[in-house]
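The values are calculated or read from the model by the stated rules, or taken from the named source; none is laboratory data. Note that this is a predicted model, so its numbers are computed, not measured. In this analysis, Cβ positions are derived from the backbone assuming ideal geometry, glycine residues included, and neighbour counts consider all displayed protein chains.
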């Protein structure tokens with residue numbers, strides 16, 4: 001496709017579609033690979049760094065982790081808006097990459113100074129996370145939008161394949177980051193004692209990776225990230241021409257003052273409504289930052305989504321546009337449950353890997369933060385076969401519609417948790433889970449991810465009107481934000497793991513009796529347990545106590561299983577609303 005010239009008559013392009021993907025895809029592939037190295041490498045270390053080096057409470061850390069990820073995927077809405085209205089995709093990608101490189105270097109500085117001044121190191125970490133959040137917001141929606149823009153209307157059918165290849169780049173970066181950063185930063189000696197001063201080297205590696213990705217994009221964008229006739233993709237919005245839009249499509253999104261006012265009113269009313277619902281009626285256990293997440297982040301995410309949904313709809317021009325955008329919103333709602341389950345990898349599953357898993361592989365004790373590596377590895381192995389599978393099914397006219405693919409993804413992640421739930425059912429309080437079960441969980445979840453995430457990106461690329469493109473990618477990432485926030489709150493209901501029972505035993509207590517309220521602790525004993533981060537009550541979810549790991553994992557089986565079943569049932573309706581786009 002990179003050799004195709006602009007032709008006034010489109011018959012040649014229509015009759016002789018090119019099989020190859022444009023070279024610009026591989027530039028974006030490489031840029032995204034290094035960005036994901038940076039992000040996932042840091043993610044693998046973040047919770048362990050906060051608990052072991054910054055001495056933060058494990059429950060609070062889980063909530064903070066979910067809130068951090070949520071904000072990382074909420075800010076793309078801002079980045080998408082700025083790109084669509086002012087700076088364009090290219091400048092936003094450069095700004096975002098630079099901010100993330102700086103943020104990771106600040107994490108390196110925090111991890112280098114906590115021994116001398118813990119309070120300053122904690123404050124520096126908060127600032128670093130804020131810089132990374134905004135950097136991700138500028139970077140994330142714009143590089144995804146540019147992938148969709150590489151393909152002219154006649155080749156939009158190749159987007160599922162293109163985004164699957166792009167997604168392989170994402171996960172090659174994740175694989176490398178989750179190997180190299182923990183290898184450098186999560187280090188234990190022969191006695192199993194963690195070197196808490198090694199975290200800094202993992203964060204430094206993440207910063208260097210982001211510098212490489214940003215420089216790669218700067219050097220190659222003008223030559224390869226272009227249309228078939230050589231015009232730059234993702235430039236300033238003021239430089240867009242009629243050729244950048246579908247025939248008859250309005251080139252600029254216009255929102256009336258009345259629509260903006262109504263959208264603001266929707267945001268305010270629903271914010272307080274969601275705040276009342278989440279704070280007063282949902283029975284999550286309160287663990288430090290959990291109240292902040294429930295009272296502020298959750299309502300903000302959902303209210304912003306609803307307000308933005310109205311605002312975009314107010315500027316649509318016909319029923320086809322409205323139907324297609326509604327499909328994006330409906331599918332985005334269901335993927336919340338997928339990411340809430342999937343993102344346990346960086347919090348509860350990492351704590352389980354650290355505290356209640358036999359990680360011995362052929363005589364090597366794998367660092368707990370590195371267990372996540374299998375997701376990236378399986379993506380690299382399976383991304384191309386999945387891309388080929390969709391191509392073959394499409395050729396045979398048997399390809400499932402995109403929402404049905406995503407329903408399959410939800411079903412697979414429910415299956416992964418069902419398998420591991422039954423393998424921990426008889427584990428007891430201090431038994432060790434074989435690492436092979438976590439590896440199997442990541443394999444099945446990877447298959448689910450390939451059915452859901454790249455397909456979702458492709459769906460937005462195909463359904464979104466050009467003038468709303470980056471903004472609607474931002475909307476898609478709002479669903480990720482909601483899922484990640486929910487993942488943090490769900491992760492906080494993780495029951496006591498084996499290390500907590502052993503620590504209580506060393507103090508002369510039977511933790512099971514304390515949790516079952518057979519033994520009452522004195523005030524001094526409660527203070528001691530809080531200092532040692534040993535729970536004294538069961539966590540709860542919507543009023544139900546979570547007694548063990550089996551019940552914890554079944555929460556995800558039920559949530560994702562029900563969501564997947566409903567999405568599968570309504571897929572025929574969504575197919576009609578897509579008006580000919582699969």
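Is it true that some residue in segment 161-168 is more than 22 Å from residue 37 (Cβ to Cβ) and part of a helix (DSSP H, G or I)? Yes, segment 161-168 contains at least one residue that is more than 22 Å from residue 37 (Cβ to Cβ) and part of a helix (DSSP H, G or I). Residues in segment 392-407 that are assigned to a helix (DSSP H, G or I) and buried (at least 18 other Cβ atoms within 10 Å of the Cβ): 402, 403, 404, 405, 406, 407. Among the residues of segment 424-464, just one is without any contact (Cβ under 8 Å) to a residue 12 or more places away in the chain and within 28 Å of residue 164 (Cα to Cα), namely 436.
Taken over segment 309-323, the criterion of being touching a residue at least 40 places away in the same chain (Cβ under 8 Å) and assigned to a helix (DSSP H, G or I) is satisfied by 309, 310, 311, 312, 314, 320, 321, 323. Considering every residue within segment 479-488, establish whether at least one is touching a helix residue (DSSP H, G or I) at 6+ places or on another chain (Cβ under 6 Å), more than 29 Å from residue 552 (Cβ to Cβ) and at pLDDT 85 or above. No, because not a single residue in segment 479-488 is touching a helix residue (DSSP H, G or I) at 6+ places or on another chain (Cβ under 6 Å), more than 29 Å from residue 552 (Cβ to Cβ) and at pLDDT 85 or above. Would a scan of segment 68-80 turn up a residue that is surrounded by fewer than 24 Cβ atoms within 10 Å (Cβ to Cβ), on the phi < 0 side of the Ramachandran plot and free of Cβ contacts under 8 Å to residues at least 12 places away in the same chain? No, there is no match, as no residue in segment 68-80 is surrounded by fewer than 24 Cβ atoms within 10 Å (Cβ to Cβ), on the phi < 0 side of the Ramachandran plot and free of Cβ contacts under 8 Å to residues at least 12 places away in the same chain.
Residue by residue, here is whether (1) under 18 Å from the mean Cα position of the chain (by Cα); (2) more than 27 Å from residue 455 (Cβ to Cβ); (3) crowded, with 24+ Cβ neighbours inside 10 Å holds:
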| residue | (1), (2), (3) |
| --- | --- |
| 95 | no, yes, no |
| 98 | no, yes, no |
| 120 | no, yes, no |
| 149 | no, no, no |
| 163 | yes, no, yes |
| 171 | yes, no, yes |
| 175 | yes, no, yes |
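Taking the criterion of being free of Cβ contacts under 8 Å to residues at least 12 places away in the same chain and exposed (fewer than 12 other Cβ atoms within 10 Å of the Cβ), the residues of segment 514-558 that qualify are 516, 517, 518, 520, 522, 523, 524, 527, 531. The listed residues are 207, 161, and the only one of them that is assigned by TED's automatic domain parsing to the domain that holds residue 355 and within 25 Å of residue 467 (Cα to Cα) turns out to be 161. Quick check: anything in segment 277-295 modelled with pLDDT of 75 or more and either crowded, with 19+ Cβ neighbours inside 10 Å or part of a loop (DSSP other than H, G, I, E, B) (or both)? No, the conditions are met nowhere in segment 277-295. Determine, yes or no, whether residue 365 is over 27 Å from residue 570 (Cβ atoms) and either surrounded by fewer than 19 Cβ atoms within 10 Å (Cβ to Cβ) or not assigned by TED's automatic domain parsing to the domain that holds residue 459 (or both). Yes: the conditions hold for residue 365.
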